[in-house]
Each structure stands twice: as structure tokens, then as C-alpha cells.
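Here's the structure, in C-alpha cells; my notes come after.
The values are calculated or read from the model by the stated rules, or taken from the named source; none is laboratory data. Please read all numbers here as calculations on a predicted model, not as lab measurements. Note that each Cβ is placed from the backbone with ideal geometry, even for glycine, and that neighbours are counted across all protein chains shown. Quick note on the areas: whole protein, heavy atoms, side chains included, nothing else; ligands and nucleic acids left out. Shrake-Rupley method; radii C 1.70, N 1.55, O 1.52, S 1.80 Å.
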Amino acid sequence: MTVNGTHPDMTSTTNVVHKYDLFSSGEAAELYSRYQPKLSERVVDMVLGYSPDKAYLVDVGCGSGSSALPFAAHFDRIVGVDYSPAQCQLARERAAEIPNVQIHQGSIYSLPVGDGTVSCVIGVMIAQFIDLHQLYREVDRVLKPGGILILHGKSSLIPVQEDQGGPELTNRLIYVKTKLFKGLFHDRTQFNILKYSNLPLLYPEPIREEWTETNEGTVAGLVDYCLTWSAALKYCNQQGITFPELRDVISSHITCQNPSLEQTKLCTNLDLFAWLSKKPT
């Protein structure tokens, strides 16, 4: 196992919750749950295809449960772990009638599972927010021989077709991300930009896949999607405004102050990528 380096501010769960819970309000958690793209079927296929068995899956950074619940019909037991009380509450509500899914609010660096018991650990859109080396040590502890870790990420939605011209809308979206939210995004790793090609090794010979999915929607959906970015809550706190007020700000930039454009239909491309590492037997 190749792991090196730690972050001094990652040693306390309290510090991590305070600093890295980017969805600490119930409203932020609900927005993320509602408007983030759902888990790709290709990731589900990777998990089912490479996992040594279907006994035990752990979802680290499970959020509202959207990345854990698709596996409920396939694994005997699923545990989701997240720092955010608001996200965990949503996940528990969604899993209330699914007996083989448990949600645990706490540190992903101290998983509530035994040594060498887990078939698969999955983490969706978390690599840029965490200390990967600490996670790797914990993953190595809980995985059984032949068990797998899958980290899944995605880029921002890119408009590719709309009545007013895709490139124009893309430029407005870039403005929101690079100017309006300048300096507020958490990622300093370049993991997402480089599509996980620069992730540090856990075990030898990892597998990396990337693909693009196209979806249909509206400009309104694109505006709502911007509210799920990690910078959104920071911007609200910085400016002393609410999420509905932030939505108005984003809409004014995306539509050039023409709210009727929100109903314009468009297609978007989403680049996705997954990185898989298998524990030697």
C-alpha cells in the first residue's frame, strides 16, 4: 500500500466537520440531493463486475444516500458514512424502509466496520475534499483480500445545444464559476480537472475509466445545478444572502437578466470518470 503525508487539521473529526461540511444546512443538503446528477449506471456496473462478492459495501461520503441506495438490491449489507448531519438525515429518511442499509454520521477515517470484512468501498465526488492518504489507510484496514475501492468523479455540466446558442450559455456558466465564485471552490488537487489520472496509488495497477453522458433539461435546471456547487454555501455565507437570493443572482448571469429564458430546453454533456483499486489477495 502506497500512502504518504497527512494534513494536520484532519486529525480531529470536529475540525473536519467544521471545515469540510460544505452542506451543513438542511437546505444545502436538499439542493445537492435534488439537483446533482444521479449515480451513473456505469459505476453500478463497475462495482458489480469487480467486487469479489456482494456481501458488504461501504459508501464513504454518502451524502443523502443517492450513491448507496442503488446497491441495496445487490449487496447483503450497506453502510453509508458522512460528516454532515443534514445529509445523513436525508439519507436515513430515504433508507427508512430498506433494512440492509445503515447510515452513520461520523468520520470516514474511522469507519464503523471490522477489519478485513468489506467487499467494496465507494466514494462519489469526495477525492478533492478529503485527505486521501488517511482514507487509504482506513480502506486498507476494512477491505477483505480481493476487495475494491472505487472513487467516482464528474466534471461540470457543459451545454451543447440550446435555442440561444450553446457556446454563449457555456461562457455565462464559466463566468459564474470563475468570476462570481472566484476563490471559493475547495478543490486544490486538480483531481477533477485531470479526471483522476493523478490520484495517488493505493494498490498496484489501478483501473481508470472515463466516459460522457448527455442529458436533456432546461436552463432553469442548469441554474439549480449551480446551487449544488461547493462554492455556493460559501458565497451565501460571505455575502450574507439566502439560497433563493443566490439563485436569482446566478439566473441573472445565465439568462442575461431575461428570466423567460429559464424555460429554454437544452442538452448538456457531463464528463464522468472512475478509478478502481483492488486489494491483493
What FRET efficiency comes out for Lys179 versus Asp45 if R0 is 30 angstrom and r is the Cβ-Cβ distance? Round to the nearest 0.05.
0.20
Given the options Lys177, Lys265, Lys195, which has the most mean-square fluctuation in a GNM of the chain, springs set between C-alpha atoms less than 10 angstrom apart?
Lys265
Measuring from its Cα centre, region 88-179 shows a charge dipole (+1 at each Lys and Arg Cβ, -1 at each Asp and Glu Cβ) which, in debye to the nearest 20, is 160 debye
Only Cα pairs under 8 Å and at least 6 apart count here; give the relative contact order of the chain as a rounded whole percent.
22 percent
Counting only protein heavy atoms with a 1.4 Å probe and every protein chain in place, the carbon and sulfur fraction of the accessible surface of the chain in whole percent equals 50 percent
Quote the charge dipole size of the chain about the Cα centre in Debye, to the nearest 20; the model charges only the Cβ of Lys and Arg (+1) and of Asp and Glu (-1).
500 debye
Which part of region 172-195 falls in the paramagnetic zone of Ile241, meaning amide N under 16 Å from the point 7 Å along Cα-to-beta-carbon?
173, 175-184
How many lysine pairs does the chain hold where the Cα atoms are under 19 Å apart and the two sit 8 or more places apart or on different chains?
15
Suppose only helical runs count, i.e. DSSP H with n ≥ 4. What mean residue ellipticity at 222 nm does that imply for the chain under -39500 (n - 2.57) per run, divided by all residues and rounded to the nearest 500 deg cm²/dmol?
-9500 deg cm²/dmol
I'd like to compare 149-156, 92-99, 33-40: which one has the highest average count of other Cβ atoms within 10 Å, and what's the full order after that?
149-156, 33-40, 92-99
Under the rule rounded for a/c under 1.5, else prolate if a/b exceeds b/c, else oblate, using alpha carbon gyration tensor axes a ≥ b ≥ c, region 27-179 is classed as prolate
Between (i) 15.7; (ii) 14.3; (iii) 17.2, which matches mean projected area of the Cα convex hull in nm² calculated for the structure shown?
(ii)
Determine the gain in length on full extension of the stretch Gln257-Arg137; use 0.36 nm per residue of separation and subtract their C-alpha separation, reporting nm with one decimal.
38.2 nm
